[in-house]
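Q: Quick one: the structure is below, and I'll ask about it shortly.
Read the figures in this text as sums done on the coordinates, not as results from a lab. What you are looking at is a predicted structure, and each value in this text was computed from that prediction instead of being measured. Every residue, glycine as well, gets a Cβ built from its backbone with ideal geometry; the counts of neighbours run over all protein chains shown.
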Amino acid sequence: MIVHAPGPRRTVEETNYRNVRVASGGQLQYVNTSQGNRDRAVRLSRIFKGRAYNYNFPFNKTSKGSMNCSQVVWVSYKDGAGIDLDFNGGPGVYPSDIMQSKWTITYKRY
């Protein structure tokens, strides 16, 4: 199961990973940390279920209000496990920041 923000006009949801289509050029990654830290991030991510999609990527480093894809992942690990997945430390976290993080490992490319 995964918790994700599938996109505009959708809310944050929990679904089986097999139900998620990955676009060409996409990557599947995991966070290189303990299972305990992953579990803490997952527990936190579940409180975001049902939230509206957030279009504001430039300033999305908050757990309040609506959420976008990279925001759900970043906040869950930052607040849930104390791991900052943002590659460049800017005011917003984008998918590319998580992809390039020193904490993430790519295990499949599409």
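Q: Restricting to the range 40-81, and then to whatever is of a type in the set (A, V, I, L, M) and in contact with a Lys or Arg (Cβ under 7 Å, 6 or more places away or on another chain), can you tell me which residue is nearest to residue 104 (Cα to Cα)?
A: Within the range 40-81, the match that is nearest to residue 104 (Cα to Cα) is 81.
Q: For the range 73-103, which positions are within 22 Å of residue 13 (Cα to Cα) and of a type in the set (Ser, Thr, Tyr)?
A: 76, 77, 94, 96 - these are the residues of the range 73-103 that are within 22 Å of residue 13 (Cα to Cα) and of a type in the set (Ser, Thr, Tyr).
Q: Determine, yes or no, whether residue 45 is farther than 24 Å from residue 25 by Cα, in contact with a strand residue (DSSP E or B) (Cβ under 7 Å, 6 or more places away or on another chain) and free of Cβ contacts under 8 Å to residues at least 40 places away in the same chain.
A: No: the conditions fail for residue 45.
Q: From the set of residues in the range 16-49 that are over 15 Å from the mean Cα position of the chain (by Cα) and over 21 Å from residue 103 (Cα atoms), which is surrounded by the most Cβ atoms within 10 Å (Cβ to Cβ)?
A: Filtering the range 16-49 for residues that are over 15 Å from the mean Cα position of the chain (by Cα) and over 21 Å from residue 103 (Cα atoms), the one surrounded by the most Cβ atoms within 10 Å (Cβ to Cβ) comes out as 19.
Q: For the range 1-15, enumerate the residues that are of a type outside the set (Gly, Ala, Ser), touching an Asp or Glu at 6+ places or on another chain (Cβ under 9 Å), more than 17 Å from residue 108 (Cα to Cα) and surrounded by 12 or more Cβ atoms within 10 Å (Cβ to Cβ).
A: Within the range 1-15, 3, 4, 6 meet the criteria.
Q: Of all the residues that make up the range 64-109, how many are surrounded by fewer than 14 Cβ atoms within 10 Å (Cβ to Cβ) and hydrophobic (A, V, I, L, M, F, W, C)?
A: Residues meeting the conditions: 1.
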